[in-house]
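The values are calculated or read from the model by the stated rules, or taken from the named source; none is laboratory data. What you see is a predicted model, and the numbers here were worked out from it, not measured in a lab. When we count neighbours, we look across all protein chains shown, and the Cβ atoms used for this are built from the backbone with ideal geometry, even at glycine.
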Amino acid sequence: MIRGIRGAVTVTENHAEDMIQETKRLIETMAEKNQIAPEDIASVFISITNDLNATFPAKALRLIDGWKYVPVMCMPEIDVPGGLEKCIRVMMTVNTSLGQKDVNHIYLNDAIQLRPDLMKEE
C-alpha cells in the first residue's frame with residue numbers, strides 16, 4: 001500500500017546550512033518513526049515558504065546514506081497571509097504496511113502548531 005507521510009520543520013534564519021540540517025533531521029525522523037527504508041520511498045516533495053531561498057532543502061537527502069536514488073522535488077509553498085514563516089514541509093510517499101491511522105507524521109520546532117492533532121505521544 002502506498003501511504004503519504006507528512007512532516008514539517010521551521011528554521012530561525014534563511015541560511016543554507018540551517019535549512020539542510022533541519023531538513024535532514026526531519027527526513028531521518030520521518031523514516032525512523034515509520035520504519036521506512038530508502039527502497040520503500042516512491043517520492044519526496046518538499047515545499048518551502050517564500051522567505052526561504054538560501055538553498056534547495058532537497059540537498060539534505062543526498063547527505064543520508066542510501067538515499068541517492070530517492071526521487072525528490074522542491075517547490076514554493078502557497079503564500080497565505082498569516083501563515084507559518086520559515087517553514088519546510090515534506091510529503092513522503094512510501095510503500096508500507098502501516099494503516100493510515102498508524103502513520104507517524106512528524107512536526108518539529110515551531111511547525112508543531114500546524115497539526116497538533118497528528119502528534120503522537122512518545
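Of the residues in the range 68-105, how many are in contact with a helix residue (DSSP H, G or I) (Cβ under 6 Å, 6 or more places away or on another chain) and not hydrophobic (A, V, I, L, M, F, W, C)?
Going through the range 68-105 one residue at a time, the tally reaches 3.
Restricting attention to the range 4-32, which residues are acidic (D, E) and under 21 Å from N95 (Cα atoms)?
E28, E32 - these are the residues of the range 4-32 that are acidic (D, E) and under 21 Å from N95 (Cα atoms).
So which of I5, I41, I48, I88 ends up being modelled with pLDDT of 95 or more, surrounded by 19 or more Cβ atoms within 10 Å (Cβ to Cβ), over 19 Å from A111 (Cβ atoms) and among the aliphatic types (A, V, I, L, M)?
I41
Step by step: first the residues of the range 40-57, then only those that are out of contact with any Cys (no Cβ under 9 Å at 6 or more places or on another chain) and of a type in the set (S, T, Y), then the one that is farthest from E17 (Cα to Cα). Which residue is that?
S43
If you take the residues of the range 8-22 that are polar (S, T, N, Q) and surrounded by fewer than 20 Cβ atoms within 10 Å (Cβ to Cβ), which of them is farthest from T55 (Cα to Cα)?
T12
Could you tell me which of the residues N50, N95, N14, N109 is at positive phi and in contact with an Asp or Glu (Cβ under 9 Å, 6 or more places away or on another chain)?
Answer to the selection: N109.
Where in the range 17-106 are there strands (runs of 3 or more DSSP E), lying fully within it, with 3 or more residues that are under 21 Å from M1 (Cα atoms)?
Passing ranges, in order: 41-48, 87-95.
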